[in-house]
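Here the structure comes first, spelled out in structure tokens, and everything after it is commentary.
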Amino acid sequence: MVITDRPIVLMGMMGCGKSSLGKALAHHLKRLFIDLDKSIESITGQSIPLIFSQSGESYFRQVESLALQEAVHTPDCVIAIGGGTPCFGDNLKLILDNTFSIYLKVSEETLIRRIIQSKTVRPLAEGKNPDDLRQLVIQQLQEREPYYLKADSVIESDQITLEVLVTTLEIKMKPG
């Protein structure tokens, strides 16, 4: 697959580095960066935690799908999607049909450590003690990884860097 101006989507669990790596990759490639959560907040005028608490996950997923539809039709961009985005509705098909997708696969231990240390409010992890958080991560990985593994490329490392992403893209961009 030649990537050309197709959007690049980073997918994976919360805490895998989608947003931070996505910003760096977009800057490196001189592309627009779209953080799907920020797009949802812009559409609704509410923070993600507020959407979850006031309107529920079902409403959040509806808005998320609308934001994704817009994002995947934006050429020359890098999109960081939410951990659950590819698992709902037709989102995975939309991603696979319109983008070059990369699954950032990080170990459970690293995910848990990053989530605990993060200053980002994560509605599905908020208020959980380390044991409950471990159970949540294990459960979500079991449910979500079959979707993530359909990505065009899988990068498995607890230390995924911009250089690794760029090398992966360069290999995929070379004409076959």
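Annotations for the structure displayed:
- Cβ-to-Cβ counts within 10 Å put Ser58, Ser65 in ascending order as Ser58, Ser65, the fewest first.
- Segments 13-19, 26-32 sorted - mean Cβ within 10 Å per residue, highest first: 13-19, 26-32
- Cβ crowding within 10 Å, taken as a proxy for footprinting-reagent exposure, orders Cys77, Cys87 from fewest neighbours to most as Cys87, Cys77.
- Using R0 = 41 Å, the C-beta based FRET efficiency linking Thr161 and Tyr59 works out to 0.70.
- Residue of Ile34, Ile48, Ile102 that the Gaussian network model of the chain assigns the largest fluctuation, springs spanning Cα pairs under 10 Å: Ile48
- The orientation-averaged projected area of the convex hull spanned by the Cα atoms of the chain comes to 9.5 nm².
- Here Ile95, Ile51, Ile112, Ile81 are placed in order of increasing Cβ neighbour count within 10 Å, fewest first, which gives Ile112, Ile51, Ile95, Ile81.
- Between Thr99, Thr44, Thr74, the residue with the greatest mean-square fluctuation in the GNM of the chain (Cα pairs under 10 Å linked by springs) is Thr44.
- Whole-Å semi-axes of the stretch 1-74's equivalent ellipsoid (Cα gyration tensor): 25, 14, 11
- The Cβ shell under 14 Å around Ile43 holds other residues with a net charge of -3, Lys and Arg each +1, Asp and Glu each -1.
- Once the Cα atoms are used to define both axes, helix 162-173 deviates from the longest principal axis of the chain by about 50 degrees.
- In the chain, the longest principal axis of the Cα atoms and the axis of helix 18-29 are about 20 degrees apart.
- Modelled FRET efficiency - R0 22 Å, His27 with Asp5, Cβ distances, 0.05 increments: 0.85
- Degrees separating the helix 48-72 axis from the principal Cα axis of the chain, which is the longest one: 10
- Remark: the Gln69-Ile43 segment gains 8.1 nm on full extension, using 0.36 nm per residue and subtracting the alpha carbon distance.
- In order along the stretch 81-93, the Karplus-derived 3J(HN,Hα) couplings, from 6.51 cos²θ - 1.76 cosθ + 1.60 at θ = phi - 60°, round to 9, x, x, x, 3, x, 8, 10, x, 9, 4, 5, 4 Hz, and Gly and Pro are given as x.
- Long pairs among Lys18/Lys38; Lys23/Lys93; Lys30/Lys93, criterion Cα-Cα beyond 19 Å: Lys23/Lys93; Lys30/Lys93
Each reported figure results from applying straightforward, stated rules to the coordinates on display, with no laboratory input. What you see is a predicted model; the values in this text were computed from it and never measured. Because the Cβ atoms are built from the backbone with ideal geometry, glycine has one as well, and the counts that use them run over all protein chains shown.
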